[in-house]
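Please treat every number below as a calculation from the coordinates, not as lab data. All values derive from a computational prediction rather than experimental measurement. Cβ sites come from the backbone with ideal geometry, for glycine too, and all protein chains shown count toward neighbours.
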Amino acid sequence: MTRAFNFSAGPAILPAEVLQQAQQEMVDWRGTGMSVMEMSHRSKEYMSIAAQAEADLRELMAIPANYKVLFLQGGASSQFAMVPMNLLRGKQGADYINTGIWSQKAIDEASRYCTVNVAASAESNGFSRVPGQEALQLKGDAAYLHYIPNETIGGLEFSYIPQPLSSDTPLVADLSSTILSRPLDVSQFGLIYAGAQKNIGPAGLTVVIVREELLGNTLPGTPTMFDYKVHADNDSMYNTPATYSWYLAGLVFDWVKKQGGLVAMAEINQRKAAKLYAAIDGSEFYSNPIHVDSRSWMNVPFTLADSNLDALFLKEAAEQQLTTLKGHRLLGGMRASIYNAMPEAGVDALISFMADFEKRYG
Ligand SMILES: *Cc1c(COP(=O)(O)O)cnc(C)c1O
């Protein structure tokens, strides 16, 4: 068996230990004679798997008791609509910060339901630096303030938590590519959402963490399946949930706990990112376009001095089991996604390959 160091932005690498455990349990889950995939979501066994996953996530993120944790489907992209449908609560507009491609998609979708106030945009600096709190032009009557702590495509990350203008304006964050990468004060947020396929587990699952008092006031015409309260009242089993993805997410939560929780993950992730940026900055051949105070710990885009060498770089990297380094189709260049499950050895191997490639072709 060969395990590549897979630098994919998502679906992304999973811990080998988790995959091995899933393999062991796949055909017969703990003497039940069936796979988790084959279980009724209402069975005692599956309910225990689901409840354990939620309990572990609550423990890892220290989620306060007045927050609901939902295990939904539809990806983070569905949340771009569910957030306004559920959180406008009779108000006319919402504040959004634009730091890149995903922010823009969230803004476009919300614009179908309300007046979007773009409180700040990094467009003026080519999406290379996160706007500071002082640059945010916030509205006092905004239904919520939405931002994307980590822009997965651009590799742009907030080093601070933006504060809404009014205490009646909850903060909403798309944490798809940075959830579980470090500790986070959940109480500062009204709602957090994350597609699972980056730092949680396989695709098909979307985790939503929402303060209970925000539920139950949807826009007229909101489909039942888009109402958070319906899912909250039914423990995310109003319909059939993504049972296997939920189970695998639970295995990942358990794995993160065994690594020492989010404090330990933060330490490892910061170290991995720091050494990769240092290697890029220390070379004449590679460069990263993001301002140092806005660099992502999770997604590291970089370019080669000569883009004619891109294909060769990717080919030689893949020969060394360093895979999926090609940058997003809209940006080109390279992107190394170094989520929780990317071992530090993978980052070390990438750095030494990059140095060697530069020596030969730089
Ligand atoms: C990947 C990603 C999305 C889209 O997620 P889907 O699950 O494919 O809908 C949205 N926002 C961010 C920040 C992402 O990284």
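Just check the range 111-241 against the gyration tensor rule for me: Cα atoms, a ≥ b ≥ c as the square roots of the eigenvalues, rounded for a/c under 1.5, and otherwise prolate or oblate depending on whether a/b exceeds b/c.
Oblate is the answer for the range 111-241, as a/c is 1.5 or above yet b/c matches or exceeds a/b.
Let me know the charge dipole size of the chain about its Cα centre in debye, to the nearest 20, where only the beta-carbon of Lys, Arg (+1) and Asp, Glu (-1) is charged.
200 debye
Place a label point 7 angstrom from the Cα of ASN239 along the Cα-to-Cβ direction, then list the residues of the range 44-85 whose backbone nitrogen is under 18 Å away.
70-83, 85
As a test, work out the antiparallel percent of DSSP beta bridges whose residues both lie in the chain, rounded to the nearest 5.
DSSP beta bridges in the chain are roughly 55 percent antiparallel.
With springs only between Cα atoms under 10 Å apart, run a GNM on the chain and tell me which of PHE80, PHE285, PHE71 wobbles the most.
PHE285
Among the listed pairs LYS198/LYS229; LYS198/LYS258; LYS272/LYS326; LYS105/LYS198; LYS258/LYS326, which have their C-alpha atoms separated by more than 22 angstrom in this model?
Over 22 Å apart, Cα to Cα: LYS198/LYS229; LYS258/LYS326.
Rank-order 40-47, 96-103 by packing density, defined as the average count of other C-beta atoms within 10 Å over each peptide's residues, highest first.
96-103, 40-47
Can you work out the Karplus-derived ³J(HN,Hα) for every residue in the range 3-15? Use 6.51 cos²θ - 1.76 cosθ + 1.60 with θ = phi - 60°, whole Hz, and x for glycine or proline.
Running phi through 6.51 cos²θ - 1.76 cosθ + 1.60 with θ = phi - 60° gives 10, 6, 7, 9, 8, 4, 6, x, x, 10, 4, 10, x Hz.
At 37 °C and 0.692 mPa s, what whole-number value in µm²/s does Stokes-Einstein give for the translational diffusion of the chain, with Rh from the Kirkwood sum over Cα pairs?
Estimated via Stokes-Einstein, D reaches 154 µm²/s.
Projected area of the range 168-311, taken from the Cα convex hull and averaged over every viewing direction, in nm²?
So the Cα hull casts an average projection of 12.4 nm².
Can you compute the FRET efficiency between ALA318 and THR224 using 1/(1 + (r/R0)^6), with r the Cβ-Cβ distance and R0 = 56 Å? Round to the nearest 0.05.
That gives a FRET efficiency of 0.80.
Give the lysines reachable from LYS44 as a straight Cα distance under 23 Å; neighbours fewer than 8 places away on the same chain don't count.
Cross-link targets: LYS68.
Take the alpha carbon gyration tensor of the range 40-117, find the square roots of its eigenvalues, order them as a ≥ b ≥ c, and report rounded if a/c is under 1.5; if not, report prolate when a/b exceeds b/c, else oblate.
The shape class here is prolate.
Is the shape of the range 261-361 rounded, prolate or oblate, going by the alpha carbon gyration tensor and its root eigenvalues a ≥ b ≥ c, with a/c under 1.5 for rounded and a/b larger than b/c for prolate?
Because a/c hits 1.5 or more and a/b exceeds b/c, the range 261-361 counts as prolate.
I need the phi-derived Karplus couplings for the range 67-78: 6.51 cos²θ - 1.76 cosθ + 1.60, θ = phi - 60°, integer Hz, Gly and Pro marked x.
For the range 67-78, the Karplus curve yields 10, 8, 10, 10, 10, 10, 10, x, x, 4, 4, 5 Hz.
In whole Hz, with x marking every Gly and Pro, tabulate ³J(HN,Hα) for the range 305-322 from phi via Karplus 6.51 cos²θ - 1.76 cosθ + 1.60, θ = phi - 60°.
4, 10, 5, 5, 8, 4, 5, 5, 4, 5, 5, 5, 4, 4, 5, 9, 6, 9
Can you put LYS275, LYS68 in order of Cβ neighbours within 10 angstrom, beginning with the fewest?
In increasing order of surrounding Cβ atoms, one gets LYS275, LYS68.
Can you give the helix-only mean residue ellipticity at 222 nm for the chain, where every DSSP H stretch with n ≥ 4 adds -39500 (n - 2.57) and the sum goes over all residues, rounded to the nearest 500 deg cm²/dmol?
Per the formula, -11000 deg cm²/dmol.
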